[in-house]
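What follows is a single structure, written as structure tokens, with notes after it.
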Amino acid sequence: MTDWVSQLADDVIAESERRAPGKTIVCASGLSPSGPIHLGNLREVMTPHLVADEIRRRGLECVHLLSWDDYDRFRKVPAGIDPSWAEHIGKPLTSVPAPPGSAYPNWAEHFKTPMISALARLGVTYRGISQTKQYTSGVYREQILHAMRERDRIDAVLSRYRTKAKPKAKDADEAAALEGSGAAEEEAGYYPYKPYCALCGRDLTTVTGYDDETTELAYTCECGYGETVRLATHDRGKLVWKVDWPMRWAYEGVVFEPSGVDHTSPGSSFEVGGHLVGEIFGGAQPIGPRYAFVGISGMAKMSSSKGGVPTAADALEIMEAPLLRWMYARRKPAQSFKVAFDQEIQRLYDEWDALERKVADGQALPADRLAHARAVGTAEQPLEATERRVPYRMLASIADVTTGDEEQTLRILRELDPAEPIKDLALVRPRLDRAQRWVSTQVATEQRTTVRSEPDEELLAGLEEGQRESLRLLLEGLDEHWSLDGLTDLVYGVPKRQAGLAADAQATPELKAAQREFFVLLYTLLVGRDTGPRLPTLLLAVGADRVRKLLGA
Ligand SMILES: [Zn+2]
């Protein structure tokens, strides 16, 4: 009985035993809080989380490090932000003011905080590391001095991958942050360390000289400032990214860290890092599967205020944490998938509920059972769960018709199944809240259902005899069939009775056509259009008295 998570956990345990016998196993993720942390980035965390969780379920010590790359440079002003923020390009993300109106002290905190709370709701336990704190407190001092001593060897490794083409002027600062100042210019020396300017705070600096003995480092900045510092005591700068990442693999003893598909290209920081970590830092590259893209289906415009990229927090507004975990657990990292914000979420929930029933009955396939177990809880704790699993699509229909009115919602839920009535909304929460949120934020106004307040007298007056009879049969049966199952039998049964068929008669094309016609009539009389939520749900939602009134009883 195995799945991709178990297989990776086997590999990681074996590798860790080879590299550091008896030590705590280290899995890692890195996130850049340069903007909203979208659902694709969540895979960067979920992949090692699931593996670390599996290792802990086996009773082994395992830590999941989450590096916040908040000492990285602010690269560009995103759309929708005051263009004057351009003056901060080149500063560390923790030194850039938060977007206008934010309650947070800086840019990085503004985007980190919602992710931290989403990860807590998802049950992801990790040790968060702020790279700003690490660098500015001198944690990496020895590693920085070592990298500077080894700068020629680092340059030689990097040059194996360097392309002839010089970066365009506007990308030059980016390239320097990636590989180091002087990397692109033949005449200048190569330095893997980039100071943030003491005057303007940006990284538009060039190291002009370095003395290994005294650790004196001279730099100039595009702003005109220049100074000489002692690197042995200087804490305002960082190793360039391609050196920084392998340095941390070695420093932290990372055995497992995945990376996005963009790291598959030759000369990627993952590939180059693989050489540097061994040749320079005496460590080893982590086991690092590539994870594929996570897409989104149908995120409504109305909720794309944060730049149109939905975050984990956005997804958790409309779905329960186990469902979101399940999407990441059931697909291998190399498989891409989509998180549904559109009608597809209803089908996804149906699939999830079917899996839960199979698991409860002991009928689920082994891999499916594992994915389910990984979704509903972790080694430490079970996750939030809804006690009575009313189908999401039904809760959405109820939310649609009642526009969230609690009293009406409870009445409908009580009547769904008279044998086991739902007497308290707490029993259907949090799923109810997610479905209500989905309807109010993701379903377009023109797709919402509005129950007629008054009967359509004109339509009622013009009905044919057969149509009148169908309504009469429905109304006669209402009281007796007032439950979800009862009303389902009733609405499908009326056209059968009219055709002189038995209640359990097989559907023929003629019968199906008659049923469709009957349903359109009901929808038109109840909600003034020819479609709507499933009729039994709609009838329950509208309530018997109002149904009678609108159907002309
Ligand atoms: Zn400057």
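Say the dipole of the range 429-553 comes from +1 at the beta carbon of Lys and Arg and -1 at that of Asp and Glu; which of Trp438, Leu511, Trp482 then lies farthest toward its positive end?
Trp438
Cut-off 11 Å, label point 7 angstrom out along Cα-to-Cβ of Thr441: give me the residues of the range 315-352 whose amide nitrogen falls inside.
Once the point is set 7 Å along Cα→Cβ of Thr441, 315-319 turn out to lie under 11 Å by backbone N, inside the range 315-352.
What Rg and what Dmax come out for the chain when only alpha-carbon atoms are used, in angstroms?
Using the Cα atoms of the chain, the pair Rg, Dmax is 30.4, 103 Å.
If N is the number of residues in the range 35-85, what value comes out of its Cα radius of gyration divided by 2.2 N^0.38 Å?
That works out to 1.68 for the range 35-85.
Would you please put 42-50, 382-390 in order of how densely packed they are, using the mean number of other Cβ atoms within 10 angstrom per residue and starting with the highest?
42-50, 382-390
Karplus couplings for the range 95-104 from phi (6.51 cos²θ - 1.76 cosθ + 1.60, θ = phi - 60°), rounded to Hz, Gly and Pro as x?
Once rounded to whole Hz, the list reads 9, 8, x, 4, x, x, x, 6, 8, 8.
Using alpha-carbon positions, what is the distance between the centroids of the range 230-245 and the range 437-456, in Å?
For the range 230-245 versus the range 437-456, the Cα centre distance is 57 Å.
When the dipole is taken about the Cα centre of the range 400-486, and only Lys, Arg (+1) and Asp, Glu (-1) are charged at their Cβ, what size is it in debye, to the nearest 20?
660
Taking K and R as +1 and D and E as -1, what net charge do the other residues with C-beta under 15 Å from the C-beta of Thr215 add up to?
-3
Using 0.36 nm per residue of separation minus the Cα-Cα distance, give me the extension gain between Glu407 and Ala232 in nm, one decimal.
Fully extending the segment from Glu407 to Ala232 adds 56.2 nm.
What FRET efficiency do you get for Ala507 and Ala379 if R0 is 56 Å and r is their Cβ-Cβ distance, rounded to the nearest 0.05?
0.70
Report, to the nearest 10°, how far helix 39-57 tilts away from the longest principal axis of the Cα atoms in the chain, using its own Cα long axis and a range of 0 to 90°.
Its long axis makes an angle of about 90 degrees.
On a 0 to 90° scale, report how tilted helix 151-161 is relative to the longest principal axis of the chain, with both axes built from alpha carbons and the result rounded to the nearest 10.
Approximately 50 degrees, to the nearest ten.
Please tell me which of these pairs span more than 25 angstrom C-alpha to C-alpha: Lys238/Lys338; Lys76/Lys338; Lys358/Lys496; Lys76/Lys238; Lys133/Lys194; Lys338/Lys512?
With Cα atoms farther than 25 Å apart: Lys238/Lys338; Lys76/Lys338; Lys358/Lys496; Lys338/Lys512.
Give me the percent relative contact order of the chain, please, defined on Cα pairs under 8 angstrom at least 6 residues apart.
12
Which distance in Å, rounded to a whole number, links the C-alpha centroids of the range 280-297 and the range 100-139?
A separation of 21 Å, based on Cα centres.
Within 10 Å of each candidate Cβ there may be at most 12 other Cβ atoms; applying that plus a DSSP loop requirement, which GluC sites (Glu not before Pro) in the range 193-229 survive?
Taking the range 193-229 and a limit of 12 other Cβ atoms within 10 Å, the loop GluC sites (Glu not before Pro) found are Glu213.
Provide the percentage of antiparallel DSSP beta bridges, counting only those with both residues in the chain; round to the nearest 5.
Counting DSSP beta bridges with both partners in the chain, the antiparallel share is about 45 percent.
Return one number: the angle in degrees, 0 to 90 and rounded to the nearest 10, between the long axis of the Cα atoms of helix 321-330 and the longest principal axis of the Cα atoms of the chain.
Orientation of helix 321-330: about 70 degrees from the principal axis.
Rounded to the nearest 20 Debye, what is the dipole magnitude of the range 53-132 about its Cα centre when Lys and Arg each give +1 and Asp and Glu each give -1 at the C-beta?
Computed about the Cα centre, the dipole is about 200 debye.
Using alpha-carbon pairs under 8 Å, 6+ residues apart, how would you state the relative contact order of the range 200-344 in percent?
Rounded, it is 17 percent for the range 200-344.
Could you order peptides 498-508, 420-430, 28-38 by the average number of other Cβ atoms within 10 Å of their residues, highest first?
With the highest mean Cβ count within 10 Å placed first, the list reads 28-38, 420-430, 498-508.
Need the C-alpha centroid separation for the range 490-553 versus the range 356-373, integer Å.
Cα centroid to Cα centroid, the span is 36 Å.
Using DSSP to call loops (not H, G, I, E or B), can you name the chymotrypsin sites (Phe, Trp or Tyr not before Pro) in the range 196-299 whose Cβ has at most 10 other Cβ atoms within 10 angstrom?
Passing both the DSSP loop test and the Cβ count: no residue.
Considering the Cα trace of the range 382-489, what is its radius of gyration and what is Dmax, both in angstroms?
Reported Rg and Dmax, both Å: 16.8, 58.
About its Cα centre, what dipole magnitude does the range 1-76 give when the only charges are +1 on Lys and Arg Cβ and -1 on Asp and Glu Cβ, stated in debye to the nearest 20?
That gives a dipole near 220 debye.
Since every read-out is calculated from the coordinates, none of them should be taken as a lab result. Not measured: the values here are computed from a predicted model. Here Cβ is always computed from backbone atoms with ideal geometry, including for glycine, and neighbour counts include all displayed protein chains.
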